[in-house]
Amino acid sequence: MGKIWAGRTSGEINETADEFNSSIMFDSRMWREDIAGSIAHTAMLAAKGIIPQADAELITEGLSGILGDIESGKLDIDTSAEDIHTFIEQTLTARIGEAGKMLHTARSRNDQVALDLRLYLKGETDQVIGEIKTLISALTDKAEEYKAAVMPGYTHLQRAQPVTFGHHLMAYSMMLLRDAERLSDARKRLLVSPIGSCALAGTTYDTDRFFEAKELGMAAVCKNSIDGVADRDFCIELCADLSIIMAHISRLCEELILWSSWEFKFIEISDDFTTGSSIMPQKNNPDMAELIRGKTGRVYGDLIALLTMIKGLPLAYNKDMQEDKESIFDAFDTVKSCLEVLSGMISGIKANTGNMLEAAKGGFINATDLADYLTKKGVPFRTAYKLSGEIVSFCVKNKKTLDEMSIEEYKTFSEEFGDDLYEAIDLKNCVDRRNSYGGTSIASVEKQIEYVKKAIQ
Ligand code: ARG
């Protein structure tokens, strides 16, 4: 295809340079948005009397035809075109003749590409929000199933206090809920229309930017035309939000990997989400979880690429900005596939509740409850804490757990100990008494489940 910008120069460009300059290989995915933007632009040009109504009708029909033909596979996107904007405009003119040449009145590819990208990312953002909700729903269903399953809660990866598996899973639901909220918030700044900024300075034509924004379902119009074409904050902001999602799901995946190891054996990942080894017949590898963990770096890389691309860039449009697309598209593609795989994997997870409980019995994770028992008998917490530490040390030396100690042994540490102690340090009771807001008790986790279910409706 010839160059739309031939005129000042011949439009003949070195073949290697042409290929290097071209973006159609990655921006062609915005064809729907490019056509939608052009249809709205045509409607505005006609409404304002900038182009004749009859030509506007021809253009709109032509654009609709192109849309339908790409959709049906009748028209292939010609990758020899410089970019998707050029391809659509040149195809239109080839089909309808002179009227096609009016389409680019009061517009530049600078505001056109900014518009296309915002519209395209709106669809991607909505998809990711939907996929986050699916994952939250899978996690919350699992949490419901295991709201009574006692397991060790960890700090420093050392057994800390008893929690339930349901409580632990709900922590991830809360993280993902924030992720969805963050994207919804970024969406407000995304749906601001840059079209009509033109090359950078606005236009001498009597355009109506608000009309065009409304046609495209955008709530606002950017208020400065230079900012309109120079701004890529929306890419960076979305990519930062996607990076946080990856941080969250990589933590979950790391836990899935640990929990499914022989060392833990807390969970089993269903066979349809694991792989075998080509040499070790016994292996059942958590590849999907590892890949999600691994792909996190890739999305962070996309964010750094975007931040670096924009850094120090003079206003307004610079060709550097063409680099925005591959990064933000890759980030969305990656996050979407990770969320989809993870939702399926979570739904099929089975917990070995017996192993979880066994692990919870070791490691003295009810030592805080032992101290709290004394505190409730009037011993100051710091004293109770010290005594409990000494009791744990005694147990370690004598190879006992806290519930295996006799009351006589306890009384050598403090006269305050009585028979009601055993009930106080029973693991299930330890869990169920942590009924503070957000705590691990069954009732508290049920409230969390209810909250999250409502929030994703
Ligand atoms: N392919 C270009 C991009 O993605 C479109 C805008 C071209 N504008 C220009 N002044 N050359 O940034």
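Please treat every number below as a calculation from the coordinates, not as lab data. Values in this document were obtained by computation on a predicted structure and should not be read as measured data. Note that we place each Cβ from the backbone using ideal geometry, even for glycine, and neighbour counts take in every protein chain shown.
Can you tell me the length gained on complete extension of the stretch Ala455 to Arg189, counting 0.36 nm per residue apart and subtracting the Cα distance? Could the numbers behind the result be given before it?
On the way: separation 266, 0.36 × 266 = 95.76 nm, distance 2.21 nm.
Difference between extended and current length: 93.5 nm.
Report, by chain and number, residues whose modeled amide H sits under 5 Å from the one on Val221, excluding near sequence neighbours (fewer than 5 apart, same chain).
Here Ser193 satisfy the definition.
Step through the table entries Lys48/Lys319; Lys377/Lys397; Lys133/Lys295, compare each Cα-Cα distance with 24 Å, and write down the pairs that go over it. Walk me through the intermediate numbers first.
Details: Lys48/Lys319 32 Å; Lys377/Lys397 27 Å; Lys133/Lys295 21 Å.
Pairs exceeding 24 Å: Lys48/Lys319; Lys377/Lys397.
May I ask you to evaluate 6.51 cos²θ - 1.76 cosθ + 1.60, the Karplus curve with θ = phi - 60°, for each residue of region 18-28 and list the ³J(HN,Hα) values in order in whole Hz, giving x for glycine and proline?
Per residue, the Karplus-derived 3J(HN,Hα) values read 4, 5, 5, 7, 6, 10, 4, 4, 10, 8, 5 Hz.
On a 0 to 90 degree scale, rounded to 10, what angle separates helix 53-72 from the longest Cα axis of the chain?
50 degrees
Can you give the FRET efficiency for Asp287 and Tyr422, using 1/(1 + (r/R0)^6), R0 = 51 Å, r = Cβ-Cβ distance, to the nearest 0.05? It would help to have the intermediate numbers written out before the result.
On the way: r = 45 Å, r/R0 = 0.88.
After rounding, the FRET efficiency stands at 0.70.
Going by amide H atoms built from the backbone, whose H comes under 5 Å of the H on Asn285, apart from near neighbours?
Thr275, Gly276
May I ask you to evaluate 6.51 cos²θ - 1.76 cosθ + 1.60, the Karplus curve with θ = phi - 60°, for each residue of region 9-14 and list the ³J(HN,Hα) values in order in whole Hz, giving x for glycine and proline?
The phi angles translate into 10, 5, x, 7, 10, 3 Hz.
Rounded to the nearest 10 degrees, what's the angle between the helix 84-96 long axis and the longest principal axis of the chain, both from Cα atoms, 0 to 90?
Between the helix axis and the principal axis of the chain, the angle is about 40 degrees.
Based on the Kirkwood radius over alpha-carbon pairs, what value in µm²/s does the Stokes-Einstein equation return for the translational diffusion coefficient of the chain at 4 °C and 1.567 mPa s? Don't skip to the answer; put the middle values down first.
Details: Rh = 26.3 Å.
Roughly 49 µm²/s, to the nearest whole number.
Give the longest segment of the chain that steers clear of trypsin sites (Lys or Arg not before Pro) in DSSP loops with at most 16 neighbouring Cβ atoms within 10 Å, not counting the sites themselves.
Value returned for the longest uninterrupted segment is 75-222.
By what distance, in whole Å, do the Cα atoms of region 262-332 stretch along each of the three principal axes, largest value first?
Between the extreme Cα coordinates on each principal axis of region 262-332 lie 59, 23, 18 Å.
Order of Met246, Met25, Met280 from fewest to most other C-beta atoms within 10 Å?
Values: Met246 26, Met25 12, Met280 8.
With the sparsest Cβ surroundings first, the list reads Met280, Met25, Met246.
Using θ = phi - 60° and the Karplus curve 6.51 cos²θ - 1.76 cosθ + 1.60, what whole-Hz ³J(HN,Hα) does each residue of region 160-166 get, with Gly and Pro shown as x?
10, 8, x, 9, 10, 4, x
Taking a point 7 angstrom from the Cα of Glu98 along the C-beta vector, which residues in region 38-82 have backbone N less than 13 Å away?
From region 38-82, the list is 52, 55.
Note down the Stokes-Einstein diffusion coefficient of region 1-144 in µm²/s, whole number, using a Kirkwood radius over alpha carbon pairs, 37 °C, and 0.692 mPa s.
On the way: Rh = 17.0 Å.
The calculation lands on 193 µm²/s.
List the aspartates and glutamates whose alpha-carbon lies under 16 Å from that of Lys447, not counting same-chain residues fewer than 8 positions away?
Here the aspartates and glutamates satisfying the reach criterion relative to Lys447 are Asp141, Glu144, Glu145, Asp432.
For Leu75, list long-range residues whose amide hydrogen, built 1.01 Å from N in the peptide plane, is under 5 Å from its own amide hydrogen.
Under 5 Å from the amide H of Leu75 lie the amide H atoms of Ile70, each far enough along the sequence or on another chain.
So which lysines can Lys400 reach, going by Cα to Cα under 21 Å and dropping same-chain residues fewer than 8 places off?
Lys361, Lys386, Lys411, Lys428
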